[in-house]
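Heads up, the thing below is written out as structure tokens.
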Amino acid sequence: MSGIHLWAERSYGLTPLSANYCSPRRVSVRGPHYPKIWHWMLWTPRTSRGERLKRHDQKSEHPMPKTRHNDRRCVATGEGLTPGALAIRFVQGPDETLVPDLGEKLPGRGAWLTAERSTLLAALKKNAFAKSFRAATPLPDGATPDAFADTLSRLLEDKALNQLGLARRAGQLVAGFDSVRSKAASLLAYICPNDAAPDGVRKISQALEHHGPVPHIPLSVDSGTLSHAVGDVGVVHLGLLPGKAAERALYDLRRWQAFTGDPGAAPIEK
């Protein structure tokens, strides 16, 4: 047994054959702290990264977050985006242009932006996306910032209407005046087009008031467009029922309205 092994065994009761410690390595160390350095290098416990994180969580008063959602920040304002915040993800396309990822599934590094038209224009003006991606990120087809914002608004509209259709096929969307009123106690939101009769909207709103605040989302499209989206005819009144597809549809509708500045998605006050 070498001298350093004898010193470690006598001083700390450690043996080089212990399964919990690293095997010795031949290192040339000089100086007054020779035993301390050798002890640190030879007898450091073998721990995986998962074990170190677990120990950190046990010792820290504030455990490490279990999701990367807390790391999201708006590239324009620098403010953190809480879970459920209305935001839009952007990525770099194959030609390095700026591409909106409304489904939040495209590969690559993502840059997040608060879902507001003014915030998008501010981010483009100060070149925030290029700073986030650390590379030049031009707009597709040489579009101007206003034209890109108009295109994004149409994409958000299509995404929200398509998600309403998915909720309808999943059985999480009811259509019709009587159906919406009968399901008022369990609705996530009440939706109507811009040409809905005020009297019908008022009656449904009164029925919803008895069950607490329910988001009322008046859309900026007519009943024909809404009927085509949900695969029905003459749709005027819609109600979202609990479910993943309906929750995603509600999020997409609110995000679309937040970007366009429509005053929808406000709770109905008693």
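Can you list the residues, at least 5 places off or on another chain, whose amide H is less than 5 Å from the amide H of residue 173, using H built in the peptide plane?
241
Of 168, 248, how do they rank once you tally other Cβ atoms within 10 Å and put the fewest first?
Details: 168 22, 248 18.
With the sparsest Cβ surroundings first, the list reads 248, 168.
Pop a pseudo-label 7 angstrom from the Cα along the beta-carbon direction at both residue 195 and residue 136 and give the gap in nm to one decimal.
Output for this residue pair reads 4.8 nm.
To the nearest 0.05, what FRET efficiency results for residue 150 and residue 177 with a Förster distance of 30 Å applied to their C-beta separation?
Values: r = 34 Å, r/R0 = 1.14.
Calculated transfer efficiency: 0.30.
Report ³J(HN,Hα) in whole Hz for each residue of the range 161-167, in order, from the Karplus equation J = 6.51 cos²θ - 1.76 cosθ + 1.60 where θ = phi - 60°; Gly and Pro get x.
Running phi through 6.51 cos²θ - 1.76 cosθ + 1.60 with θ = phi - 60° gives 5, 5, 5, 4, x, 5, 5 Hz.
In the neighborhood of residue 154, defined by Cβ-to-Cβ distances under 15 Å, what is the net charge if each Lys or Arg adds +1 and each Asp or Glu adds -1? Walk me through the numbers before you get to the answer.
Working: positive: 117, 159, 255; negative: 141, 146, 150, 157, 158, 252, 262.
Counting the neighbours of residue 154, the net charge comes to -4.
Taking θ = phi - 60°, what integer Hz values does the Karplus form 6.51 cos²θ - 1.76 cosθ + 1.60 yield along the range 203-218, in sequence order, with x for Gly and Pro?
For the range 203-218, the Karplus curve yields 5, 5, 4, 5, 5, 6, 4, 6, 10, x, x, 10, x, 10, 10, x Hz.
In bins 10 Å wide, starting from 0, what share of all Cα pairs of the range 156-267 does each bin hold, as a percent?
16, 55, 29, 1
Could you give me the ³J(HN,Hα) list for the range 130-137, computed from phi with Karplus coefficients 6.51, -1.76, 1.60 and θ = phi - 60°, whole Hz, x at Gly and Pro?
Along the range 130-137, the couplings run 5, 5, 5, 7, 6, 6, 4, 10 Hz.
Tell me, what is the FRET efficiency for residue 126 and residue 225 to the nearest 0.05, using R0 = 35 angstrom and their Cβ-Cβ distance as r?
On the way: r = 36 Å, r/R0 = 1.02.
Computed FRET efficiency for residue 126 and residue 225: 0.45.
Using a Förster distance of 45 angstrom, determine the FRET efficiency expected from the C-beta separation of residue 185 and residue 158, and round it to 0.05.
Values: r = 32 Å, r/R0 = 0.70.
Once rounded, the FRET efficiency stands at 0.90.
Within 10 Å of each residue's Cβ, count the other Cβ atoms and sort 211, 237 from fewest upward. List each step's numbers first, then the result.
Working: 211 12, 237 24.
In order of increasing Cβ crowding within 10 Å: 211, 237.
Between residue 95 and residue 244, what is the spin-label point distance in nm, taking each point 7 Å from the Cα along the Cα→C-beta axis?
The answer from the label model is 3.5 nm.
Along each principal axis of its Cα atoms, how long is the range 68-142 end to end? Whole angstroms, biggest number first, please.
Principal-axis extents of the range 68-142 (Cα, largest first): 32, 25, 20 Å.
Computed from the coordinates by the stated procedures, all read-outs in this text should not be read as laboratory data. Just so it is clear, the structure is predicted and the values come from calculations on it, not from any experiment. In this analysis, Cβ positions are derived from the backbone assuming ideal geometry, glycine residues included, and neighbour counts consider all displayed protein chains.
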